[in-house]
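Single-structure report; data block below.
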Amino acid sequence: MRSRYMIFVGALSRGLPRRLLLCSLLGVLSIWVLTISALADGGTVLCQRTSDSIVVTVFSAQTPVRTGISDISFLVESATDSHPILDARVLVELESESGKTLHAEATRALARNKLLYCCLLDLPEAGHWTMKVLVKRGTGRSVLIHHLQVAKRQAPVLAYWKLLIFPPLLTFLFMANQFLRRSRA
């Protein structure tokens, strides 16, 4: 029992916990930085509805949806076999509480992922919006209604703080590395 304790005390005196702490910190920061950008191609799922024989999943590039230009994508699938439907027309109508109405057609040409239909909407005000999505395919029609909360636009510093913190963080880690190397010598 005493020998295990002495090994632990010896490791403390050799600086092992400091190295272990630094490696753990670097590991956690690396995982954190990698998971920041691990988003799906369409963004965050806002809602998913099944109507008739069509399943529509709505994605937003940012959560919550904010005023200004917003990227909204739609995945249209067959309800029976879950295959994407690529020959549909997706029409979007947003109506605010104050009565403002926006109309757009989501197309696959705007989407990076060609399985999605995408539209860019310029949302002028924050508040509650009602989104009505009409999917037409041949003679069939499917309607999806979703209530959407639109937030005010963020200040650029708050919107991009994760990117702005990265260079000073790397500089700090480099300085810590150099300090630890000099203290060992």
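Where a number appears in this text, it was derived from the coordinates with a stated rule and is not lab data. Worth saying up front: this structure is predicted, and the values here are computed from it rather than measured.
Couple of notes before you dig in:
- 27 Å Cα-Cα reach of K162 towards lysines, excluding residues that sit fewer than 8 places from it in its own chain: K152
- Bridging of K136 to aspartates and glutamates at a Cα separation below 16 Å is possible for D52, E77, D87, E93, E105, once same-chain residues fewer than 8 apart are set aside.
- Cross-link reach is defined here as a Cα-Cα straight distance under 16 Å, omitting same-chain residues fewer than 8 places apart; for K100 the aspartates and glutamates meeting it are D122, E125.
- Distance from the alpha carbon centroid of the stretch 129-185 to that of the stretch 63-80 works out to 16 angstrom.
- Amide H contacts under 5 Å for R153, placed H, 5+ residues apart: T67
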